[in-house]
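These notes are about the structure you will find just below.
The values are calculated or read from the model by the stated rules, or taken from the named source; none is laboratory data. Just so it is clear, the structure is predicted and the values come from calculations on it, not from any experiment. Reconstructed Cβ throughout: ideal geometry from the backbone, glycine too, with neighbour counts over all protein chains shown. Only protein heavy atoms, including side chains, enter the accessible area calculation; ligands, DNA and RNA are left aside. Shrake-Rupley method; radii C 1.70, N 1.55, O 1.52, S 1.80 Å.
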Amino acid sequence: YQPRVWSLDNIGQFLVASPLGGGIYLWDLNTSNRASLIPNAPLRNDYVTVTEEGSIMTLGTIDTDGNYNPMAIRWSDIRTSLNGTIPWETWLAAPSNASGEYNLQVGSYLVGAKKTKSGIMVWSDTAVFFSQFVADPSIIYSFDLISTGCGLAGPNACVEKDGLVFWMTLNVGFHSFDSGSPELMDCPVRKFFVDNINTLQAYKCWATYDTAFDGVTFAYPVGTEIDRYIRVDIKE
């Protein structure tokens, strides 16, 4: 069982929010209204993000057959559609829209995603993929395997800065990616991290970028809550 980590993103001024294992909510920036479930969207989702094209993309979700698939990715129609419907309420693929579905094959379950300047990085528990928008109505979004053995510890255990992506991998350490293949970052306390992190609580891990001093902080639990961090100064 994983903690109820929320995915948060936005479509324009609207907030998109989803708790792990729950539905997808939309809040319209009106303090008189509560956030409400998006009609037609899957009711079980492990991670949700919004693409540059204005499509809501969900990882680990209910597929179009009605079954939960931890390796399935689905996305709604994109905001530039001209079919007269609300894009984020359209989830079944048809010639008149750009919604779709794709099943990744490397890993046991999908963990999280991070937007970059050129696309979206998607992680399973054991691998990382790269997704890009494709101007082909039969594809919409492509998903290419980047590397294995570098999965994501938890949904918030990754951070992006100016095209550089950093993340935490259980039983391995810390990775960075710019292009090509992910690189395992040098870390003099990597063994302490690998030997002591509470893997049952790994979904609470997070990473953040310190823009003032160009550093990345990885926070993780040895106990039941976050109680340790490792920091790397990028410029040094």
Qualifying residue in the stretch 37-45 (condition: modelled with pLDDT of 95 or more and in a strand (DSSP E or B)): yes
Count of the stretch 173-188 residues which are closer than 15 Å to residue 219 by Cα, at pLDDT 95 or above and either outside any strand (DSSP E or B) or in contact with a helix residue (DSSP H, G or I) (Cβ under 7 Å, 6 or more places away or on another chain) (or both): 1
Residue match in the stretch 77-96 (condition: open to solvent by 10 Å² or more (accessible area, probe 1.4 Å), farther than 21 Å from residue 108 by Cβ and either assigned to a strand (DSSP E or B) or in contact with a strand residue (DSSP E or B) (Cβ under 6 Å, 6 or more places away or on another chain) (or both)): yes
Residue ID - least open to solvent (accessible area, probe 1.4 Å), chosen from residues in the stretch 177-215 that are more than 22 Å from the chain's Cα centre (by Cα) and of a type in the set (Asp, Glu): 214
Criterion: closer than 17 Å to residue 24 by Cβ and of a type outside the set (S, T, N, Q) - qualifying residue of 160, 89: 89
Residues that are of a type in the set (A, V, I, L, M) and open to solvent by 50 Å² or more (accessible area, probe 1.4 Å), drawn from the stretch 40-76: 43
Test for residue 136: is it among the acidic types (Asp, Glu) and crowded, with 17+ Cβ neighbours inside 10 Å: no
Single residue of 154, 163, 173, 149 found to be crowded, with 18+ Cβ neighbours inside 10 Å and on the phi > 0 side of the Ramachandran plot: 173
Qualifying residue in the stretch 65-76 (condition: more than 13 Å from the chain's Cα centre (by Cα), in a loop (DSSP other than H, G, I, E, B) and in contact (Cβ under 8 Å) with a residue 60 or more places away in the chain): no
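Before we move on, is residue 165 β-branched (Val, Ile, Thr), closer than 29 Å to residue 21 by Cα and either in contact with a Leu (Cβ under 7 Å, 6 or more places away or on another chain) or without any contact (Cβ under 8 Å) to a residue 40 or more places away in the chain (or both)?
No; evaluated as a whole, the condition is false for this residue.
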Residue in the stretch 73-88 that is touching a Ser or Thr at 6+ places or on another chain (Cβ under 7 Å), basic (Lys, Arg) and modelled with pLDDT of 95 or more present: yes
